[in-house]
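Read the structure below first, then the notes.
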Amino acid sequence: MEGIETLRQWVKESDNIVFFGGAGVSTESGIPDFRSVDGLYHQKYDYPPETILSHTFFMKKTEEFYRFYHDKMLVSGAKPNAAHLKLAELEAKGKLKAVITQNIDGLHQLAGSKEVLELHGSVQRNYCQKCHKFYDFAKMQSSAGVPVCDDCGGVIKPDVVLYEEGLDMQTMNKAVNYIANADVLIIGGTSLVVYPAAGLIDYYRGNKLVLINLSETARDDVADLCIHGRIGEVMSQLE
């Protein structure tokens with residue numbers, strides 16, 4: 001695969017790598033990208049995913065929101081793939097400083113990564129809107145219909161950033177700081193069209209910007225190295 005040798009060399013020489021990943025990192029673990037409209041989706045839902053996964057929709061049509069959420073967002077049994085494992089390994093070796101992710105599945109942590117910045121939250125964390133009691137993934141998965149708090153009966157909301165909601169500024173600031181100071185920035189599994197997350201690339205000041213994606217991205221022209229392939233396949237070839 002073209003570019004692998006260059007990437008291998010850059011990784012070998014650096015101890016200040018930052019990885020920024022999107023949905024493509026998780027699809028290889030069997031987690032579907034909800035934006036890809038499929039036949040099943042057309043048959044079952046009256047609204048596009050972006051509408052269902054909005055704050056307004058959650059508040060007004062909570063039952064319909066959870067029908068989609070249970071169906072599409074709570075994927076059980078997913079395991080880290082080669083990309084997750086290699087990133088955790090690079091961090092353990094002291095080469096990778098942080099993983100910044102748009103994904104909400106918690107697979108990076110499951111693989112062993114410690115410094116993970118989740119821009120869009122996580123399905124692993126859920127809170128009662130009334131008393132703020134914490135609930136895990138299992139509680140949400142086992143709930144039929146709208147999940148409610150065992151203590152006060154309030155509606156439980158996943159700690160994920162819905163459309164119309166702002167990103168956590170503390171997380172964003174940390175991500176900006178890591179990217180601005182990185183030697184090598186590897187961006188994988190994202191087409192770089194979802195803002196504000198996609199704008200993070202503009203904070204990188206180095207000259208080793210690597211884009212790994214199956215298809216071309218909106219920012220291929222600014223990359224120092226583009227590799228078109230599966231993220232797990234590419235990352236597994238690193239030492």
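The values are calculated or read from the model by the stated rules, or taken from the named source; none is laboratory data. Keep in mind the model is a prediction, meaning the values are calculated, not measured. So basically every Cβ, Gly included, is an ideal-geometry build from the backbone, and we count neighbours across all protein chains shown. In case anyone asks, the SASA skips ligands and DNA or RNA and just uses the protein heavy atoms, side chains included. Shrake-Rupley method; radii C 1.70, N 1.55, O 1.52, S 1.80 Å.
Can you list residue pairs whose Cβ atoms sit under 7 Å apart, with the first residue in region 162-174 being at positive phi and the second being at pLDDT 95 or above and open to solvent by 30 Å² or more (accessible area, probe 1.4 Å)? Count only pairs 6 or more apart in sequence or on different chains.
GLU164/HIS55; GLU164/THR56
crowded, with 17+ Cβ neighbours inside 10 Å, in contact with a Phe, Trp or Tyr (Cβ under 7 Å, 6 or more places away or on another chain), of a type outside the set (Ser, Thr, Tyr) and farther than 21 Å from ILE231 by Cα: which single residue out of LEU200, LEU162, LEU185 fits that description?
LEU162
Taking the condition more than 26 Å from GLU13 (Cα to Cα), open to solvent by 10 Å² or more (accessible area, probe 1.4 Å), over 19 Å from the mean Cα position of the chain (by Cα) and modelled with pLDDT under 95, does GLY145 pass?
Judged against the criteria, GLY145 is a match.
Going by what's in this entry, would GLU164 be described as under 19 Å from the mean Cα position of the chain (by Cα) and of a type in the set (D, E, K, R)?
yes
For ARG230, work out the one condition from (1) farther than 19 Å from LYS97 by Cα; (2) open to solvent by 80 Å² or more (accessible area, probe 1.4 Å); (3) at pLDDT 95 or above; (4) of a type in the set (Lys, Arg) it doesn't fulfil.
Of (1) farther than 19 Å from LYS97 by Cα; (2) open to solvent by 80 Å² or more (accessible area, probe 1.4 Å); (3) at pLDDT 95 or above; (4) of a type in the set (Lys, Arg), only one is false for ARG230: (3).
Would you please name the residue that is surrounded by the most Cβ atoms within 10 Å (Cβ to Cβ), looking only at residues in region 87-105 that are modelled with pLDDT of 95 or more and assigned to a loop (DSSP other than H, G, I, E, B)?
Only one residue tops the list, namely LYS95.
With (1) under 20 Å from the mean Cα position of the chain (by Cα); (2) open to solvent by less than 10 Å² (accessible area, probe 1.4 Å); (3) touching a residue at least 60 places away in the same chain (Cβ under 8 Å) as the list, and ASN126 as the residue in question, which single condition is left unmet?
Condition (3) is where ASN126 drops out.
On the given criteria, is ASP46 closer than 30 Å to SER236 by Cα, open to solvent by 40 Å² or more (accessible area, probe 1.4 Å) and either modelled with pLDDT under 85 or of a type in the set (A, V, I, L, M) (or both)? Spell out how you get there, then give the answer.
Working: closer than 30 Å to SER236 by Cα: no; open to solvent by 40 Å² or more (accessible area, probe 1.4 Å): yes; either modelled with pLDDT under 85 or of a type in the set (A, V, I, L, M) (or both): yes.
So ASP46 does not fit the description; no.
Across region 56-86, which residue is nearest to ASP33 (Cα to Cα) among those that are loosely packed, with under 15 Cβ neighbours inside 10 Å and not hydrophobic (A, V, I, L, M, F, W, C)?
ASP71
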